[in-house]
Structures are given as structure tokens and as C-alpha cells.
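Asks: This is the structure I want to talk about, given as C-alpha cells.
The values are calculated or read from the model by the stated rules, or taken from the named source; none is laboratory data. A quick note: this is a predicted structure, and the numbers were derived from the prediction, not measured. Reconstructed Cβ throughout: ideal geometry from the backbone, glycine too, with neighbour counts over all protein chains shown.
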């Protein structure tokens, strides 16, 4: 999986001899833009939280929000949400699982460590799901997201 993150705003600095056009309003990449922006809502930090949640789910699952499997009402958010709480490991990207398996072997299949890693990976999926809920008022705020991720990192460091 290759991450594709960028700020399309940099296009303003490109030579203007090319034909360009611009419009007013909120723009964003389909799948990452908060649903409330589609109905004319004002830009808020909760919209950024939504985008972050989708990006986090993309990293953890290896699936993009516009992936071909997401049809007929299934979205990346629903895909991850349906796996919680007991099947989160089933949606984790194979590349993450490969590293996890290598760690598991090097830890000599330490059951406590294995459980801790699985709980942490599940917690990251939960954060992505809570950040990407449809209702802006139900989303986690970024201060809480950072706190939760720091807690997960500390948990993994204290093996």
C-alpha cells in the first residue's frame, strides 16, 4: 500500500500560464470529506477528525474508501465497524499482520504480548471508527485521539 496524501492548495503556486479554474465552496477528496459538507455545512474541526478517521482506517485495513468492495451501502467505516469488537484482526492489513507475526515469533509466542498487541490494534481500529462516524457531534475530538494513541504506544512499549 502506498500512501497518497497531499495538499491540492499548492496548485495556486504553479505557473499561471496554464488554463486553470477555481470555484468557491468546500472541496475535498471523495471518501475522505465529511458527509455534512455535502449538505452545505460550515467547515469545522470535526470534519478534519472525520478525514483523519478515514485515513487511519485506510492505513490499518489497507483499503481505500473508494475501494471496489465498498458498494451497496458498505463503506470503509462500516467495514471496520462491523469487525468490532471481536473480529478486528480479520480486517487488519496483511502488511501489518506480517510484522505482527514476526514480532510474535521473536517474542517466542508470548501469549500476554500477543493479547496486548491485538488489543492495541483493535483500539486503533476503534479510534478510526469513532472519528469517522456520520454525526459530527459523536466524533472523538483530536485531543482525545492523541491521548488514546499515546496510551496505545505506551502500552506496547511496556511489554
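Asks: What number goes with the only condition from (1) over 30 Å from residue 74 (Cβ atoms); (2) in a helix (DSSP H, G or I); (3) at pLDDT below 90 that residue 109 does not pass?
Replies: All conditions are met except number (2).
Asks: Right, another one. Is at least one residue of segment 112-123 loosely packed, with under 14 Cβ neighbours inside 10 Å and in a loop (DSSP other than H, G, I, E, B)?
Replies: No, segment 112-123 contains no residue that is loosely packed, with under 14 Cβ neighbours inside 10 Å and in a loop (DSSP other than H, G, I, E, B).
Asks: I would also like to ask the following. Name the pairs: first residue in segment 85-100 and touching a residue at least 60 places away in the same chain (Cβ under 8 Å), second residue part of a helix (DSSP H, G or I), Cβ to Cβ under 7 Å, at least 6 apart or on different chains?
Replies: Qualifying pairs under 7 Å: 93/60; 93/61.
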